[in-house]
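To keep things clear, I will list the structure first and then write my remarks on it.
What follows draws every value from the coordinates through simple rules; no lab data is involved. If you're wondering where the values come from, they're calculated on a predicted model, not measured in any experiment. Cβ atoms come from the backbone with ideal geometry, glycine included; neighbour counts cover every protein chain shown.
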Amino acid sequence: MKKKAKKKKSKTIPRLTPKQKDFADKFIEIGNATEAYKSAYVTDRMKPETINTEAKRTLRLPPRQRLYQQAHETDR
């Protein structure tokens, strides 16, 4: 019986969507993830707790982490 070959992970960096870029730019500008999320996404029908959770989740995504680190390093 043959073993299936494992898929290799792509080494390409996923690109930011326009909303994710808006979020990242606003977060770098004001330093508040919740407010940045409100400005980048439609949150009219979301609970404040949900907005906060989604903002934190968006911050943890790998391409954004690199972007924030680079922006933070240039501020020093």
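Values as computed for the structure displayed
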quantity	calculated
Table column - 3J(HN,Hα) (Hz), the range 40-48, Karplus curve with 6.51, -1.76, 1.60, x for Gly and Pro	8, 10, 7, 10, 4, 9, 9, 6, x
Label point distance in nm, Arg60-Lys21, each placed 7 Å from Cα along Cα→Cβ	2.6
Ranked packing of 16-24, 46-54, 33-41, most packed first, by mean Cβ within 10 Å	33-41, 16-24, 46-54
